[in-house]
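Input: a single structure, listed below in structure tokens.
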Amino acid sequence: MTTSTTYDLIIAGAGPVGLLSALLASQSGLRTLVLEKRAEHIRHSRSIGIHPPSLQILSRAGILPRFLEHGVQINRGHAKTDRYTDLGVLDLTDADTPFPYILTHPQWKTESLLEAATSRSDTVQLLRNHTITGIDNPVDKDAMATVAARTEVGDIKSFRTQFIMACDGKQSKTRTLAGIGYYGKPYALRYAMGDFTDNTGYGSDAVIFLTRHGLIESFPLSATMRRWVVQQERNPTILHIEALANEIQRRCGLEPDPGQCRMFSEFGVERYHAGCFWHHRVILAGDSAHVVSPIGGQGMNLGWLNACDAISGISEIIHHQKRIDKEADAYNITVHRRVRKVIRRAEFNMMLGSHFALPAMRNQLVKLLLASPIRNTLRKRITMQGL
Ligand SMILES: Cc1cc2nc3c(=O)[nH]c(=O)nc-3n(C[C@H](O)[C@H](O)[C@H](O)COP(=O)(O)OP(=O)(O)OC[C@H]3O[C@@H](n4cnc5c(N)ncnc54)[C@H](O)[C@@H]3O)c2cc1C
């Protein structure tokens, strides 16, 4: 084992939350090391929606223009029962925010842009093929921590740091090493998802179909591609691309071409959160801190909001000698409140799209809501305001 430089911050994991944290840390002048076990990004598409509060963070960090070059701005969302029957439209451009739209941008591209921006920093180093295996003193607020990482060839290297940010995902090793619990459960619902060539004519609009057989969400991915997310019925039958395309056709009358599908996945949804988000020298952000249902697409965005607060807290301690416990308390309170809200919002989205005993009555209610001032509350929730 070798001990080398001492860092202000070690970030475990170079997913979207670790990489944004690294960029913000560099802009706050923190000497930062990112340790990532993978040699490269996962190309499988997960998150696509970047919401207004995150757009503000990217704008402040000076990298929003790069995202706008590659992403699609969703300005409107339609609610329908099928391709012919409208329930209403939600205009996001009326949202009370400097960036009143949701940008779709595939997660792997988001990670590439963040990594490129981080690589231009003098104060951040990213080491890939480094798997964190151990931490000494993770929860001793009076001593520095030492992080051990295994390299590709099996060597163990160690690094000293003031703080460790656990951005190493749902199965976070860092969280386990710090002895922080993780609580939650899977929901009974399952979904199938596919990215198809867009033949709908909906352009950059999002569409939610509230059908009697369950929810369908449809989002633009680029000028030519569209993502479809389809709620499974009680016994999942959508287990391959053709079944997904057939089900979209059966429920809403649109026919994505299975031969033009670039990605398919079938997944369950769950909710989890850590017992504590900042414990002495270990701070959790992203999926290591919370997992929310992707219906409504807010998990990564929630991670980014929290990461932004974490970096500002660490920066206050390092540069302005603020007390660790004061920053930790503030972070724990804010993150806990946000996670609860986002979990509730995601559960509402899932409930709305579920198999109602009386789908016609549900649809009439949605129609009324979208035509009434309550649509402002829906818009706030969808655009992640008030967090
Ligand atoms: C189908 C689907 C759709 C989604 N859509 C959206 C959406 O539209 N909007 C949204 O906001 N969210 C969405 N999400 C959620 C989003 O994908 C996650 O919240 C996001 O990936 C979390 O990022 P992260 O950086 O915290 O963790 P991860 O992306 O899991 O990254 C963790 C990183 O840590 C590394 N790592 C793990 N262990 C170690 C170790 N011991 N040492 C070093 N490195 C390690 C991993 O290799 C990985 O690179 C979606 C999720 C799914 C499944």
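FYI, it's all coordinate maths here, none of it is from the lab. Fair warning: this is a prediction, and the values are worked out from it, not measured in the lab. Neighbour counts are summed over all protein chains in view; Cβ atoms, including those assigned to glycine, are modelled from backbone coordinates with ideal geometry.
Quick check: the angle from helix 107-119's long axis to the longest principal axis of the chain, C-alpha only, nearest 10 degrees? Helix 107-119 and the main axis of the chain meet at about 30 degrees. Here's the list of lysines a cross-link from Lys322 could span, going by alpha-carbon distance under 22 Å and ignoring same-chain residues fewer than 8 apart: Lys141.
With contacts taken as Cα pairs under 8 Å and at least 6 residues apart, the chain reaches a relative contact order of 21 percent.
Computed extension gain for Leu68 through Met361, at 0.36 nm per residue and net of the alpha carbon distance, reaches 101.5 nm.
Computed about the Cα centre, the dipole magnitude for region 1-149 is approximately 380 debye when only Lys and Arg (+1) and Asp and Glu (-1) carry charge, each at its Cβ. In region 1-98, a dipole from Cβ-located charges (positive for Lys and Arg, negative for Asp and Glu) runs towards its positive end, and of Thr32, Ile50, Val17 it is Thr32 whose Cα lies farthest in that direction. At full extension, Asp91 and Thr6 could sit 25.6 nm farther apart than now, given 0.36 nm per residue minus the alpha carbon distance.
Ignoring aspartates and glutamates fewer than eight residues from Lys109 along the same chain, the ones with Cα atoms less than 18 angstrom from its Cα are Glu36, Glu40, Glu69, Asp195.
How high is the relative contact order of region 1-160, in percent, counting Cα pairs under 8 Å that sit 6 or more residues apart? Can you show the working numbers first?
On the way: 284 pairs, mean separation 50.9, N = 160.
So the answer I get is 32 percent.
Only helical DSSP H runs with n ≥ 4 go in: add -39500 (n - 2.57) per run for the chain, normalise by residue count and round the 222 nm mean residue ellipticity to 500 deg cm²/dmol.
-10500 deg cm²/dmol
Put the Cα centre of region 242-257 next to the Cα centre of region 282-350 and the gap is 38 Å.
In the chain, the longest principal axis of the Cα atoms and the axis of helix 359-371 are about 70 degrees apart. Think of region 290-368 as having a plus end and a minus end, set by charges on the Cβ of Lys, Arg, Asp and Glu; of Ile318, Ala328, Met350, Met350 sits farthest toward the positive end of this dipole.
Go through 146-157, 171-182 and give me the packing order, highest mean Cβ count within 10 Å leading. Please report the intermediate quantities before stating the final value.
On the way: 146-157: 14.8, 171-182: 18.8.
In descending order of packing, they fall as 171-182, 146-157.
Pairs from the list Lys341/Lys367; Lys170/Lys326; Lys341/Lys380 with a Cα-Cα gap above 19 Å: Lys341/Lys367; Lys170/Lys326.
Label zone of Lys170 (point 7 Å out along Cα→Cβ, amide N under 18 Å): in region 289-305 this covers 289-304.
Extension gain, Asp142 to Arg340, is 68.2 nm, computed as 0.36 nm per intervening residue step minus the present C-alpha separation.
Working from label points 7 Å from Cα in the Cα-to-Cβ sense, the Leu368 to Glu270 distance is 3.9 nm.
Distance from the Cα centroid of region 6-51 to that of region 362-378 is 39 Å (rounded to whole angstrom).
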